[in-house]
Amino acid sequence: MTEIEFGKQLSDLQPGLLRYALGFKLSRDDAKDLVQETFLKAIQNKDRYSDTGYLKTWTYTILRNTFINNYRRNTLFNTMIDRSEGSYYINQSICGNSDSPDSVYSFKEINNSIELLHNKFKKPFRMYIDGYKYIEISEAIKLKIGTVKSRIFIARKMLKDQLLK
């Protein structure tokens, strides 16, 4: 495929690519920028495209991957790192008070539900939510790792059922 044919076929995809980009809930200007960035990447990587007749699929994939990469980059950019002793990661886009009456009530309700679990499910589940890895739990309570995973899964399911009542 010549450069002219490639450019013509690429420009024919513009309306569809714009509709696809708008489907990502972007503003019209951001969607146009995304399509333009996609065209630039497609032209720069033309040598990687094998002339198999799947230019549309290839270009849509570039657009989707570019959107995902931009989204991840923007999320990382909006994350502040607290350099204090605890070294917390704070995402600016999330606002809210974790000590609201609803969250405190929910925390108490969840803890009460966990306490109602049978000990064979409660112990591995508590260790899991405390941050232990499956292998560590398995070694601590002397069970096979598959059994630990199964019990944690069952505990989650039982908690979900209890909390939905």
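The values are calculated or read from the model by the stated rules, or taken from the named source; none is laboratory data. Computed from a prediction, not measured in an experiment: that's the story for all the values here. Please note: Cβ atoms are built from the backbone with ideal geometry, for glycine as well, and neighbour counts cover all protein chains shown.
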- Note on the structure: Looking across the range 20-55 at residues that are surrounded by 12 or more Cβ atoms within 10 Å (Cβ to Cβ), over 26 Å from the mean Cα position of the chain (by Cα) and not hydrophobic (A, V, I, L, M, F, W, C), the single one that is modelled with the lowest pLDDT is TYR49
- Inside the range 126-154, the number of residues satisfying the requirement of being under 17 Å from GLU115 (Cβ atoms) and under 24 Å from the mean Cα position of the chain (by Cα) is 4
- Task: Search the range 52-75 for residues that are among the polar types (S, T, N, Q) and pair each with any residue that is assigned to a helix (DSSP H, G or I) when their beta-carbon atoms are under 7 Å apart and the residues are at least 6 apart or on different chains.
- Result: THR59/LEU10; THR59/LEU17; THR59/THR38; THR59/ALA42; THR66/LEU34; THR66/GLU37; THR66/THR38; THR66/LYS41
- Task: Could you grab the pairs with beta carbons closer than 7 Å, sequence gap of 6+ or different chains, first residue in the range 117-132 and within 10 Å of VAL148 (Cβ to Cβ), second one among the charged types (D, E, K, R)?
- Result: PRO124/ARG151
- Residues located in the range 105-123, provided they are farther than 16 Å from ILE154 by Cα and not aromatic (Phe, Trp, Tyr): SER106, LYS108, GLU109, ASN111, ASN112
- Answer from ALA31, ALA21 - the residue that is assigned to a helix (DSSP H, G or I) and within 19 Å of GLN9 (Cβ to Cβ): ALA21
- Among SER84, SER150, SER138, SER106, which is in a loop (DSSP other than H, G, I, E, B) and either surrounded by 10 or more Cβ atoms within 10 Å (Cβ to Cβ) or modelled with pLDDT under 70 (or both)? SER84
